[in-house]
1. It is to be established whether one or more residues within segment 51-63 are more than 22 Å from residue 102 (Cα to Cα), surrounded by 13 or more Cβ atoms within 10 Å (Cβ to Cβ) and among the aromatic types (Phe, Trp, Tyr).
2. How about segment 1-34: which of its residues are in contact (Cβ under 8 Å) with a residue 12 or more places away in the chain, surrounded by 13 or more Cβ atoms within 10 Å (Cβ to Cβ), within 24 Å of residue 133 (Cβ to Cβ) and not β-branched (Val, Ile, Thr)?
3. If we scan segment 122-132, do we find a residue that is closer than 18 Å to residue 87 by Cα, surrounded by 15 or more Cβ atoms within 10 Å (Cβ to Cβ) and in contact with a Phe, Trp or Tyr (Cβ under 7 Å, 6 or more places away or on another chain)?
4. Go through segment 99-116 and give me each residue that's assigned to a strand (DSSP E or B) and either without any contact (Cβ under 8 Å) to a residue 24 or more places away in the chain or among the aliphatic types (A, V, I, L, M) (or both).
5. Do you know which residues across segment 45-98 are free of Cβ contacts under 8 Å to residues at least 24 places away in the same chain, among the polar types (S, T, N, Q) and not in a strand (DSSP E or B)?
6. Could you pull out the residue among 78, 37 that is surrounded by 14 or more Cβ atoms within 10 Å (Cβ to Cβ), at pLDDT 95 or above and more than 12 Å from the chain's Cα centre (by Cα)?
7. Give me the residue from segment 114-143 that is charged (D, E, K, R) and under 19 Å from residue 78 (Cα atoms) and, out of that set, nearest to the chain's Cα centre (by Cα).
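The values are calculated or read from the model by the stated rules, or taken from the named source; none is laboratory data. On a predicted model such as this, the values are computed, not experimentally measured, just so you know. Cβ placement follows ideal geometry from the backbone for every residue including glycine, while neighbour counts extend to all protein chains displayed.
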Amino acid sequence: MRRSVRDEMLNRLEFFKGEWELEVIHPHFKTNSINGQTVFDWMEKEKFIVQRTLINQPEFPSSTIVYDYDAKTDIYLQHYFDSRGVTRLYNMSFENDVWKVWRDTPDFSQLDFSQRFVGVINESGDTIQSSWETSEDNKNWEHDFKIIYRRVN
């Protein structure tokens, strides 16, 4: 049986599968960094990738993200849910060791600000240096916070 384009694209996300330690560097928190863990794994017979993130700072949300792929738009989708009750839908790309995520249109909630994320994977594939930015007008972007992912297994 021939695999669909969607299945092939989701299979590319196999790279993320496993456990990662997180170091979040956020300018609004007094500590230099916030630590956490995230696990990527398959859900439902390899039809979705799920990411579960736990953060050790009560003010910083833990989250669950379900990854999908839309063959019509040729874009990955991130369905985001967090411990604050926030739900968002992000677009995503993953190619050439660069992971991008963005949100610039309203979805389940109002779009009070746009967001974008860029993560760069190192040569050995065990570290991702990433940064989130926000914008009120989709023109002027400001650094929000940085996340360093380190593969545990």
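1. no
2. 13, 15, 16, 20, 21, 22, 23, 26, 29
3. Taking segment 122-132 as the starting set, the residues that turn out to be closer than 18 Å to residue 87 by Cα are 132.
Adding the requirement that they be surrounded by 15 or more Cβ atoms within 10 Å (Cβ to Cβ) leaves 132.
Those left that are additionally in contact with a Phe, Trp or Tyr (Cβ under 7 Å, 6 or more places away or on another chain): 132.
Among the residues of segment 122-132, at least one is closer than 18 Å to residue 87 by Cα, surrounded by 15 or more Cβ atoms within 10 Å (Cβ to Cβ) and in contact with a Phe, Trp or Tyr (Cβ under 7 Å, 6 or more places away or on another chain), which makes the answer yes.
4. Listed by number, the residues that qualify are 100, 101, 102, 103.
5. Once the filter is applied, which keeps residues that are free of Cβ contacts under 8 Å to residues at least 24 places away in the same chain, among the polar types (S, T, N, Q) and not in a strand (DSSP E or B), segment 45-98 yields 56, 73, 83, 96.
6. On the way: 78 fails: more than 12 Å from the chain's Cα centre (by Cα).
Within the list 78, 37, the selection yields 37.
7. Kept after step one, since they are charged (D, E, K, R), are these residues of segment 114-143: 116, 123, 126, 133, 136-137, 139, 142.
Add one more test, that the residue is under 19 Å from residue 78 (Cα atoms), and what stays is 116, 133.
Details: 116: 10, 133: 13 Å.
Among those that are charged (D, E, K, R) and under 19 Å from residue 78 (Cα atoms), it is 116.
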